[in-house]
Amino acid sequence: MKKLLDLITEEMSAAFEKAGYDKKYAKVTLSNRPDLCEYQCNGAMAAAKEYKKAPIMIANAVIEQLSGNSMFEMAEAVNPGFMNLKLSSEYLVEYLRGMEADTERLGCEKTESPKTIMIDYGGPNVAKPLHVGHLRSAIIGESIKRIGRFMGHNMIGDVHLGDWGLQMGLIITELKERKPELVYFDEAYTGEYPEEPPFTISELEEIYPTASGKSKEDEGYKEAAMQATFELQHGRKGYQALLHHILNVSVTDLKRNYENLNVSFELWKGESDAQPYIPDMVQKMKDEGYAYISEGALVVDVKEETDTKEVPPCMILKSDGASLYNTTDLATIVWRMKDYHPDEIIYVVDKRQELYFTQVFRCARKTHLVDEGTTLKFLGFGTMNGKDGKPFKTREGGVMRLENLINGINEEMYRKIAENRTVDEAQARETAKVVALSSVKYGDLSNQASKDYIFDMERFTSFEGNTGPYILYTIVRIKSILTKYKEAGKDASSAKLLPAHTESEKALMKEIAKFNSTMETAYEETAPHKVCSYIYDLANALNHFYHETKIMTEEDAEVQASYIRLLELTKHVLEICIDVLGFSAPDRM
């Protein structure tokens, strides 16, 4: 289905042309004065300069061409040349009937040119627990992936694990000190390595910070860790086997934590997966004259004439020949292009890394690691701060584990739900998890990704205002009404949506009609917050309609059935929207 605004603009374009004016002036927008009209066209003001006529003369001529047009309940010209429009209720309800008929997509058409889009989000380090700093990447990335998939694109999410470098050497070194008898440290060992890992996730999460602390105080320990890293990266079998164990144990735990956030990845690749591509990539850069030695390091110049500030060269290898994050990220692009040929790669990362990704993207383009038509996109997100305006911390001042944050919100939501005493404890616990997830995700996604925001648990878990629980409460309210209607022995499945009887009903219908344009905009602008803004307006419109309309006591059966169909359509729109945001609604709250 075409977007409603586009259909209105088409009618205005025809009217402009019939009146003898260029249709380029016919753009229609939502009214900024809803007390006067629903839509407006200000094209006569701009056309006045070209046609050397008073704007009101042009506006009157255009409006005259709309006389008798069934799309509009009102079309009028107002000094000095504004054109104010109101849709007819009959036209609006026909549009909603078209949405209803498309039971799967509600009139939102899939793209005619589907792309393969890889999205790099998550970025956790193995052997470390997820903390609140991982929250935004996971939530924003998952939603962008779901929105793109809904619009018909092949979306591939990659967690991009931090599983290479000194942290692995530190773990191996500490494990060797604790359990030197393990076969992994015997270079003469030629047998099969054990299938069971020599540590649990709890032990692994304790080993790394201990090793990291030792390396800062003991130079010999640090050198041993660097040597272990070197040997791992150069294929020592025992260390490779340990890396395999570290990955298995860590990934199992990471999947459990991401599952609690309703976040999933199609690929669980890491920096280690890019290593085989590095030698050939580096050699190619050298052979083609892009890479050169500067102060002992291998670099590629990425500055451009239009730069207004310094963009340093992209370092490919350090002076000792070791690779860096740049090297790994560039090699990751190589394998992504080789295996998936993506049309676009989106990186959802902290906005403070923008310069770094500018270097990486420019290097990838200059050295032809990507096809000319492949888009590399940086989506930088702001920080999640506490009420003091500083990055969110525990009460003790440390970085909060993500699992602890989620558990805290679950408990707060359980307390609020339990106060109602309408459900048993088990159901209250399950409902609390669902609603708590909405509070976290909506609280984050309702902000523009690039902006910092204050994480306010009290506000995010409120059932009132612009919050996830308020959206879910609206859906649950609809479910309750639909259940009562059904329990009364009534069935609206064959009923027809009727034109709006009241202004609040028409306002709800107009909000529903914005669904396809909202989804298109959210995808095109990589902006989940647009979906949040839309469903908040839709929930407000629904609740206003609910408070002004006696739905269950309506005596006219046909009108009541129409109300029910309208509620069903509203629920369907809201459920699709919260699904692309990454959460769902319970049946009761």
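The values are calculated or read from the model by the stated rules, or taken from the named source; none is laboratory data. As the structure is a prediction and not an experimental result, all values here were calculated from the model. Virtual Cβ from ideal backbone geometry, glycine too; neighbours counted across all protein chains shown. Keep in mind that these areas ignore ligands, DNA and RNA; they rest on the heavy atoms of the full protein, side chains included. Shrake-Rupley method; radii C 1.70, N 1.55, O 1.52, S 1.80 Å.
Answer yes or no as to whether Ser533 is within 29 Å of Val434 (Cα to Cα), among the hydroxyl-bearing types (Ser, Thr, Tyr) and touching a Ser or Thr at 6+ places or on another chain (Cβ under 8 Å). When the stated conditions are applied, Ser533 passes them. Here Tyr208 fulfils each of the conditions (1) aromatic (Phe, Trp, Tyr); (2) under 27 Å from Leu405 (Cβ atoms); (3) open to solvent by 80 Å² or more (accessible area, probe 1.4 Å) apart from (3).
Only residues that are surrounded by 15 or more Cβ atoms within 10 Å (Cβ to Cβ) and of a type in the set (Gly, Ala, Ser) were counted across the stretch 452-508, and they come to 7. Ala364 meets each of the listed conditions (1) open to solvent by 20 Å² or more (accessible area, probe 1.4 Å); (2) more than 19 Å from Ser137 (Cβ to Cβ); (3) at pLDDT 95 or above; (4) among the small types (Gly, Ala, Ser) apart from (1).
Could you grab me the full set of residues in the stretch 310-341 that are among the aliphatic types (A, V, I, L, M), open to solvent by less than 20 Å² (accessible area, probe 1.4 Å) and not in a loop (DSSP other than H, G, I, E, B)?
Listed by number, the residues that qualify are Ile316, Leu330, Ala331, Ile333, Met337.
Name every residue in the stretch 282-309 that is part of a helix (DSSP H, G or I) and either closer than 26 Å to Met155 by Cα or open to solvent by 60 Å² or more (accessible area, probe 1.4 Å) (or both), in order of residue number. Selection gives Gln283, Lys284, Lys286, Asp287. Of all residues in the stretch 568-578, those that are open to solvent by 10 Å² or more (accessible area, probe 1.4 Å) and under 22 Å from the mean Cα position of the chain (by Cα) total 4. A count restricted to the stretch 207-260 and to residues that are under 18 Å from Pro276 (Cβ atoms) and not small (Gly, Ala, Ser) stands at 13.
Taking the stretch 224-268 as the range and being within 13 Å of Pro129 (Cα to Cα) and of a type in the set (Asp, Glu) as the test, only Asp253 passes. Of all residues in the stretch 414-439, those satisfying the criterion of being under 20 Å from Asn260 (Cβ atoms) and touching a residue at least 40 places away in the same chain (Cβ under 8 Å) are Lys416, Ile417, Gln427, Glu430, Thr431, Val434, Val435, Leu437, Ser438. Of the residues making up the stretch 537-567, those that are open to solvent by 60 Å² or more (accessible area, probe 1.4 Å) and closer than 15 Å to Lys510 by Cα are Asp537, His544. Scanning for something out of contact with any strand residue (DSSP E or B) (no Cβ under 9 Å at 6 or more places or on another chain), touching a residue at least 24 places away in the same chain (Cβ under 8 Å) and open to solvent by 70 Å² or more (accessible area, probe 1.4 Å), does the stretch 77-94 turn up at least one residue? Looking for residues that are out of contact with any strand residue (DSSP E or B) (no Cβ under 9 Å at 6 or more places or on another chain), touching a residue at least 24 places away in the same chain (Cβ under 8 Å) and open to solvent by 70 Å² or more (accessible area, probe 1.4 Å), one finds none in the stretch 77-94, hence no.
With respect to (1) at pLDDT 95 or above; (2) within 30 Å of Ala138 (Cβ to Cβ); (3) surrounded by fewer than 16 Cβ atoms within 10 Å (Cβ to Cβ); (4) charged (D, E, K, R), the lone exception for Glu511 is condition (3).
Before we move on, is Ile201 in contact with a Ser or Thr (Cβ under 8 Å, 6 or more places away or on another chain), within 24 Å of Leu405 (Cα to Cα), open to solvent by less than 60 Å² (accessible area, probe 1.4 Å) and not basic (Lys, Arg)?
So Ile201 fits the description; yes.
Among the conditions (1) open to solvent by less than 40 Å² (accessible area, probe 1.4 Å); (2) assigned to a helix (DSSP H, G or I), the only one that Met57 does not satisfy is (1). The single condition from (1) outside any loop (DSSP other than H, G, I, E, B); (2) closer than 20 Å to Thr328 by Cα that Leu175 fails is (2). When Met168 is tested against (1) in contact with a helix residue (DSSP H, G or I) (Cβ under 8 Å, 6 or more places away or on another chain); (2) open to solvent by 20 Å² or more (accessible area, probe 1.4 Å); (3) hydrophobic (A, V, I, L, M, F, W, C), only condition (2) is not met.
Quick one: is Gly133 open to solvent by less than 10 Å² (accessible area, probe 1.4 Å), in contact with an Asp or Glu (Cβ under 9 Å, 6 or more places away or on another chain) and not in a loop (DSSP other than H, G, I, E, B)?
no
Out of everything in the stretch 368-421 that is among the basic types (Lys, Arg) and surrounded by 13 or more Cβ atoms within 10 Å (Cβ to Cβ), what residue ends up being farthest from Ala127 (Cα to Cα)? Result: Lys416.
Does His153 satisfy being touching a helix residue (DSSP H, G or I) at 6+ places or on another chain (Cβ under 7 Å), surrounded by fewer than 22 Cβ atoms within 10 Å (Cβ to Cβ) and in contact (Cβ under 8 Å) with a residue 24 or more places away in the chain? Here the answer is no, as His153 does not meet what is asked.
A quick yes/no check of all residues on (1) in contact with a Lys or Arg (Cβ under 7 Å, 6 or more places away or on another chain); (2) hydrophobic (A, V, I, L, M, F, W, C):
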position	(1), (2)
Phe361	no, yes
Gly380	yes, no
Asn385	no, no
Asp388	no, no
Arg401	no, no
Ile406	no, yes
Ile417	no, yes
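Taking the stretch 67-101 as the range and being part of a helix (DSSP H, G or I) and within 21 Å of Ser13 (Cα to Cα) as the test, the residues that pass are Tyr91, Leu92, Tyr95.
State whether one or more residues within the stretch 102-113 are free of Cβ contacts under 8 Å to residues at least 40 places away in the same chain, acidic (Asp, Glu) and part of a loop (DSSP other than H, G, I, E, B). Scanning the stretch 102-113, I find at least one residue that is free of Cβ contacts under 8 Å to residues at least 40 places away in the same chain, acidic (Asp, Glu) and part of a loop (DSSP other than H, G, I, E, B), so the answer is yes.
Contact annotation: residue pairs with Cβ atoms under 6 Å, 6 or more positions apart or on different chains, pairing a residue in the stretch 172-193 that is within 18 Å of Gly235 (Cβ to Cβ) with a partner that is of a type in the set (Lys, Arg) and open to solvent by 70 Å² or more (accessible area, probe 1.4 Å), are Phe185/Lys176.
Could you tell me whether the stretch 229-244 includes any residue that is surrounded by fewer than 17 Cβ atoms within 10 Å (Cβ to Cβ), modelled with pLDDT of 95 or more and closer than 15 Å to Ala127 by Cβ? Among the residues of the stretch 229-244, not one is surrounded by fewer than 17 Cβ atoms within 10 Å (Cβ to Cβ), modelled with pLDDT of 95 or more and closer than 15 Å to Ala127 by Cβ, which makes the answer no. Looking at Ala46, is it surrounded by fewer than 19 Cβ atoms within 10 Å (Cβ to Cβ) and under 33 Å from the mean Cα position of the chain (by Cα)? No: the conditions fail for Ala46.
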